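Comments concern the structure below.
The values are calculated or read from the model by the stated rules, or taken from the named source; none is laboratory data. Values in this document were obtained by computation on a predicted structure and should not be read as measured data. Don't worry about glycine lacking a Cβ; one is built from the backbone with ideal geometry, like all the others, and counts go over all protein chains shown.
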Amino acid sequence: MSVVQTVSVLSALAAAVAAHGHVTGVVADGVWHQNYEPEFQYRNPVPDAIGWSVPLAQDNGFVEPSSYNNLDIACHKSAGNAKLYVPVKAGSEIQLQWNTWPESHHGPVLDYLADCAGDCTTVQKSALKFFKIDAVGLSPGKWGADELLANNNTWGVTIPSDIKPGKYVLRHEIIALHSAGQSNGAQNYPQCVNLDISGSGSATPEGVVATSLYKATDPGITVNIYQNLKDYTIPGPAPYKGGGSGGSSGGSPTPEPVTSAAPQPS
Ligand SMILES: *[C@@H]1O[C@H](CO)[C@@H](O)[C@H](O)[C@H]1NC(C)=O
Ligand SMILES: [Cu+2]
């Protein structure tokens, strides 16, 4: 078989099992950027991408709670550093486009940033400290993932206006909870993209290493969603409340002001 034929057969196989989905593109300042695709691994040369490479995510699979203490939870299974960056202005909103998402897979949508302290193309995953910039859990009858689905499989996230410019990893994630009533039943679908953030801010929010984000016993991780849930506790650390954070796709249940705040003295 030629390389081209091999690629198309493998792509067809990948499409057949592509039940869950992944981020295919990112729009920033009106410019569309192609994300990493698992089939890139069969190309020669492997194309550089804005997204961290996840060749093992060919099945659009997930990371499970029993792996929360493994760095796979950072940017998906055995992720490798992305080689490109999405240029974005602090305070602006970027859109993450998923190819598809199953309607049954309700759950929160979360976004984190981690400062690469220089170069995201070589930074160690264990050195990345993630701070949450956006999280949408449950508003009556409607989950973050439902919003994403209703919004053309797209999620908007606003980059805090006051953070120090530089190179960051954006960790975007859906946690599917359709089986989360069982132990080890939650499904995390993290996706990482490198951002080159410009601006004049100076905030350096505290973050945590990915292996400290979640515990299997968190109330927002082991939870039966097929009941009349009054509250849902979004997992992970509290969101950073700096200027301009908290954006989401149309209609966050607890909208936060998206107006810019003056840089906070720290
Ligand atoms: C829906 O998203 C796709 C990309 O995933 C994009 O090409 C298309 O323009 C979007 N449609 C609308 C109506 O925004
Ligand atoms: Cu599924």
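Quick look at the numbers
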quantity: Residues that are modelled with pLDDT of 95 or more and within 16 Å of ligand 2 (Cβ to nearest atom), drawn from segment 22-60; calculated: H22
quantity: Search result, residues across segment 92-123 that are charged (D, E, K, R) and either within 16 Å of ligand 1 (Cβ to nearest atom) or without any contact (Cβ under 8 Å) to a residue 12 or more places away in the chain (or both); calculated: E93
quantity: Residue list for segment 161-180, restricted to those being under 22 Å from T121 (Cα atoms) and either within 16 Å of ligand 1 (Cβ to nearest atom) or in a loop (DSSP other than H, G, I, E, B) (or both); calculated: K164, P165, H172
quantity: Test: residue in segment 175-184 that is among the small types (G, A, S) and under 19 Å from N81 (Cα atoms); calculated: no
quantity: Residue identified as exposed (fewer than 15 other Cβ atoms within 10 Å of the Cβ), farther than 20 Å from W52 by Cα and touching a residue at least 12 places away in the same chain (Cβ under 8 Å) among S202, S161; calculated: S202
quantity: Odd one out for S139 among (1) more than 14 Å from the chain's Cα centre (by Cα); (2) away from ligand 2 (no atom under 16 Å from the Cβ); (3) closer than 13 Å to I174 by Cβ; calculated: (3)
